[in-house]
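Worksheet for the structure shown next.
The values are calculated or read from the model by the stated rules, or taken from the named source; none is laboratory data. All figures in this text were calculated on a predicted structure; none of them were measured in a lab. Please note: Cβ atoms are built from the backbone with ideal geometry, for glycine as well, and neighbour counts cover all protein chains shown.
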Amino acid sequence: MSEAGLSVVELSSGRPADALPLIDEAAAAGERALAVRPDNPTYRRFCRKVAETRAEVSLQTGDGRAAAEAAQALLDERYAPAQPVLAAG
């Protein structure tokens, strides 16, 4: 199971602090994939979802600074949808 999948298990079990390292590992894996294929829409969506999850979990654990940093990452153009219809949404 991937780090992203394991982080969902931890979140579902009410352990957001245990999910954070897994989310960070998933983010690093996503960044590596995006570096190889920057136009891949699946990688872009994955990285965006991981950043969204990181922001949410940071809020749950009371770390406002980390939540703000994760929210800022959502503005990264690399995470924007590659398809025009999705980008308009």
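Residue-wise test of (1) within 12 Å of Tyr79 (Cβ to Cβ); (2) in contact (Cβ under 8 Å) with a residue 24 or more places away in the chain; (3) out of contact with any His (no Cβ under 6 Å at 6 or more places or on another chain).
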| position | (1), (2), (3) |
| --- | --- |
| Ser12 | no, no, yes |
| Ala26 | no, yes, yes |
| Arg32 | no, no, yes |
| Ala35 | no, no, yes |
| Tyr43 | yes, no, yes |
Scanning region 57-69 for residues that are out of contact with any Leu (no Cβ under 9 Å at 6 or more places or on another chain) and among the hydrophobic types (A, V, I, L, M, F, W, C), which turns out modelled with the lowest pLDDT?
Leu59
Cβ-Cβ under 6 Å, sequence separation 6+ or interchain: first residue in region 51-75 and under 14 Å from Ile23 (Cα atoms), partner among the β-branched types (Val, Ile, Thr) and part of a helix (DSSP H, G or I). Which pairs?
Thr53/Ile23; Arg54/Ile23
